[in-house]
Structures are given as structure tokens and as C-alpha cells.
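One structure is given here, and the rest of the page talks about it.
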Amino acid sequence: MRVLVTGGAGFIGSAVCRQLVHEHGMDVINVDNLTYAANLRSLDSIAGDPRYAFEQADICDRAALDDIFVRYAPAAVIHLAAESHVDRSITGSSAFIDTNFVGTYQLLEVCRRYYDRLPADRRNQFRFVHVSTDEVYGSLGATGRFREDTPYQPSSPYSASKAASDHLVHAWFKTYGLPVMISNCSNNYGPYQFPEKLIPLIILNAIEGKPLPVYGEGTNVRDWLYVEDHADGLITLLQRGRPGEKYNFGGDSERTNLEVVKTICRIVDRVAPAPRPRESLITFVQDRPGHDLRYAIDATKARRELGWAPRGNFDDRIEQTVLWYLENHAWWEPSRATVYKGERLGLAQAQL
């Protein structure tokens with residue numbers, strides 16, 4: 001099978017590409033525009049493999065996408081290309097609307113025309129997996145979990161742009177019969193994550209002895225999903241999912257942000273001792289505008305229909321993640337030095 005992965009140089013996309021080639025022996029076409037958070041070094045392990053090809057292209061560029069589909073004739077698409085950082089969406093929402101909504105529309109239209117021209121046997125095999133987020137559902141209280149039928153209540157420009165794209169994808173199934181599947185996942189973590197997100201930012205700041213910023217009082221709760229487990233879920237969805245359906249992927253690993261930060265501190269203290277405990281670096285900062293209180297995923301459907309489950313637990317995986325960043329300075333130092341140095345993002349007044 002030949003799979004086209006959009007956003008394959010990103011955090012989740014690169015994990016999907018690596019697994020498709022290494023574990024499944026599939027051909028992969030990685031289509032990525034190489035925006036600030038992309039890193040082709042995340043794909044070094046497959047870069048020379050004849051089953052892997054890279055095409056730099058913007059998913060908003062329909063002509064470029066048409067050409068790629070003609071040249072490679074993929075049997076499936078896993079759509080991961082997106083602007084994904086909530087803080088950046090607060091002060092610069094335009095890129096999120098362009099990529100997440102308009103880009104998804106352009107890709108859907110290219111896929112629709114491509115699908116309509118396929119012979120019957122290939123039409124029956126073709127699949128389009130759209131990768132979304134649990135943030136489209138809004139915020140939970142102290143109890144309950146997001147299910148596939150939970151109403152959408154997005155809180156940020158990022159989550160609103162993803163909710164809109166989810167609706168587009170579903171409409172292309174209902175109206176045009178394009179065989180799509182939608183996934184909504186909880187917060188991902190693991191190696192190769194761009195250091196603007198909570199876990200890599202805290203790891204790197206802890207390594208360097210810098211303040212560890214925690215929004216508000218650190219009581220916001222997230223369900224954490226290891227990126228390799230998520231990639232496994234997406235590939236399983238591609239192979240076994242039912243067109244027109246939604247599937248939630250979660251890690252069953254709810255933690256407050258403060259708990260996550262303190263866990264990282266303890267690990268870094270143990271493996272890279274410093275004169276004072278890293279917890280002394282924790283600094284509470286102004287909360288993010290519209291910050292959702294709690295996310296939690298009910299992944300029962302994915303477990304039941306796809307036979308998927310996370311392979312590991314949070315405590316083991318977070319330690320593996322910390323060790324990876326300690327051992328791979330060459331991957332993150334260039335971005336840390338030139339693209340994002342750890343400054344605060346996402347304060348609403350920055351728009352004034």
C-alpha cells in the first residue's frame with residue numbers, strides 16, 4: 001500500500017511515517033510545507049529508504065497536490081498537516097484558518113476528484129484519515145470523558161479551526177461519498193516534539209536550569225498519549241476503521257499540568273543532578289486566555305472496533321522522553337537557538 005501523509009515532517013506525522021515504513025513495509029509519500037515546527041531530521045531513519053519519498057508542498061496549493069496525486073497514485077491519505085499550538089492561535093489565528101480549514105478543503109477536493117477517477121477495485125480500497133484533536137469538544141468538569149458523540153464546543157482559535165475541518169471532512173463523506181474517517185486524540189508527547197509544547201519546554205528548561213513556566217495554578221488536567229501509541233492507532237484506523245466514523249484515541253493518563261512538571265523535575269534531578277532541585281525553578285505565570293480546565297478521552301470504540309490500546313504507561317514513557325531529549329541535543333538545539341527560545345506565547349493583549 002502507498003500512503004500519502006500530510007505533515008509528515010511534524011511531530012505526529014514523522015512517527016506515522018517511521019512506523020509505516022519500518023513496521024508495516026508500506027510506501028510513504030510525505031507532503032510537508034516545512035513550516036517552523038517541521039524537522040526533516042525526525043525522518044533520518046527512513047530518509048534513504050526506497051519506500052519513502054518527500055515532497056515539499058503547501059496543502060493550500062491545489063495544483064501542487066494534483067501533481068503529487070498524479071505522480072504517486074496513493075491508495076490512502078493520512079492528513080496530519082496543521083497549525084497546532086493553541087498559544088500561537090491566540091495571537092495569530094490567520095495561519096490556523098488557512099492551513100487547518102482552507103488547506104483541508106483543498107485536500108478534500110483533490111482527493112474527491114482523484115477518487116472519482118479511480119477504477120472500482122481501487123475505489124473500494126481508498127481511505128482518507130483526518131487527524132484531529134480532543135480540544136474540539138471544549139472543556140470537561142471534574143468527571144466524565146469525551147466520546148465520539150460529545151457535542152463540539154471549541155474554546156480557542158486553534159480548536160475552532162480543527163472543529164471546522166472535522167465538519168468539512170464529514171460533509172465530504174455524506175455529500176460525495178469520499179471514504180473518510182476522523183480521529184480525535186488527547187495530548188501527545190514523546191521524542192521529536194517541537195519545544196514550544198509543555199513537556200519538551202519543561203524538559204529543556206530543566207536541563208538548562210531556566211524557569212519552568214506553569215499557567216495559572218497548574219490545575220488544568222490533560223490526558224497524555226505517547227506519540228508512538230497514537231501513530232499505531234492511526235495506522236490501525238487506516239487498516240480497520242469504518243468509513244464515515246469517528247474514533248477517539250486517549251492514553252488513560254490524566255495528570256494536572258503541575259503534576260507533569262513535577263514528574264519531569266524528579267526525573268531530570270535523578271539523571272542529571274544539579275545543585276538545587278528543579279522544582280525550585282517552577283514559576284506560576286498568567287494563565288492562557290480561555291484555558292480549558294480538563295480533557296479526558298473515552299477510547300472504548302477504538303479498543304472495541306480496532307483492537308487498539310496504548311502499549312505503555314505514562315510513568316515509563318515520560319522517563320523515556322526525558323532521556324531522549326538528554327541524549328539528542330543535536331536534534332533540538334538548532335530550533336531552540338533560532339526558531340523558539342522558550343519565550344511566552346499566547347497572551348491576548350499581544351493582539352492590541
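Rule-based calculations on the coordinates, nothing more; no lab input. Just so it is clear, the structure is predicted and the values come from calculations on it, not from any experiment. Neighbour counts run over all protein chains shown; Cβ positions are idealised from the backbone, glycine included.
Relative to the first principal axis of the alpha-carbon coordinates of the chain, what is the inclination of helix 314-327, with its axis defined by its Cα atoms, in degrees from 0 to 90 and to the nearest 10?
Rounded to the nearest ten degrees, it is 80.
Once amide H atoms are placed 1.01 Å from N in the peptide plane, what residues at a sequence separation of 5 or more from Asn187, or on another chain, have their amide H within under 5 Å of its amide H?
Under 5 Å from the amide H of Asn187 lie the amide H atoms of Asp223, Leu225, each far enough along the sequence or on another chain.
Calculate how many DSSP beta bridges within the chain are antiparallel, expressed in % of all such bridges and rounded to the nearest 5.
The antiparallel fraction comes to roughly 10 percent.
When Tyr137, Tyr36, Tyr340 are ordered from fewest to most other Cβ atoms inside 10 Å of their Cβ, what list results?
Tyr36, Tyr340, Tyr137
When the Karplus curve 6.51 cos²θ - 1.76 cosθ + 1.60 is applied with θ = phi - 60°, which whole-Hz ³J(HN,Hα) does each residue of the range 269-274 get, with x for Gly and Pro?
Using θ = phi - 60°, the values come out as 4, 6, 8, 9, x, 9 Hz.
Can you check what the net charge comes to around Tyr176, using other residues whose Cβ is under 15 Å from the Cβ of Tyr176 (Lys, Arg +1; Asp, Glu -1)?
Within the 15 Å Cβ shell, the charges total +4.
Identify which of Ser161, Ser132, Ser45 has the largest mean-square fluctuation in a Gaussian network model of the chain, with springs joining Cα atoms closer than 10 Å.
Ser45
Determine the shape class of the range 53-134: with a ≥ b ≥ c the square roots of the Cα gyration tensor eigenvalues, call it rounded for a/c under 1.5, and otherwise prolate if a/b is greater than b/c, oblate otherwise.
prolate
Phe54's amide H: which non-local residues (gap 5+, or another chain) put their own amide H closer than 5 Å, with H modeled 1.01 Å from N in plane and none for Pro or chain starts?
For Phe54, whose amide H was placed from the backbone, the distant partners under 5 Å are Asn30.
Quick check: the angle from helix 11-22's long axis to the longest principal axis of the chain, C-alpha only, nearest 10 degrees?
Value to nearest ten degrees: 60.
Under the Karplus relation 6.51 cos²θ - 1.76 cosθ + 1.60, θ = phi - 60°, what is the ordered set of whole-Hz ³J(HN,Hα) values for the range 138-154, x standing for Gly and Pro?
x, 10, 9, x, 6, 10, x, 9, 6, 10, 5, 9, 5, x, 7, 8, x
Taking the Cα centre of the range 179-274 as origin, work out the dipole magnitude from +1 charges on Lys and Arg Cβ and -1 charges on Asp and Glu Cβ, in debye rounded to 20.
40
Sort 19-29, 103-113 by packing, meaning the average of other beta carbons within 10 Å per residue, with the highest value first.
The packing order, highest mean first, is 103-113, 19-29.
Would you pull out the residues with amide H under 5 Å of Ile78's amide H, same chain only if 5 or more places away, H placed 1.01 Å from N?
Long-range HN contacts for Ile78: Leu4, Val5, Thr6, Val129.
Tell me what the chain gives for mean residue ellipticity at 222 nm when only DSSP H runs of n ≥ 4 count, each as -39,500 (n - 2.57), the sum divided by the residue total, rounded to 500 deg cm²/dmol.
Helix contribution divided over all residues of the chain: -12000 deg cm²/dmol.
Among Leu281, Leu238, rank each residue by its count of other Cβ atoms within 10 Å, from fewest to most, as a rough exposure measure.
Numbers: Leu281 19, Leu238 24.
With the fewest neighbours first, Leu281, Leu238 line up as Leu281, Leu238.
To the nearest Å, what is the center-to-center distance of the range 48-121 and the range 234-302, using C-alpha atoms only?
27
Which whole-Hz ³J(HN,Hα) couplings does the range 120-126 yield from phi under the Karplus relation 6.51 cos²θ - 1.76 cosθ + 1.60, θ = phi - 60°, glycine and proline marked x?
The phi angles translate into 4, 5, 6, 5, 5, 8, 5 Hz.
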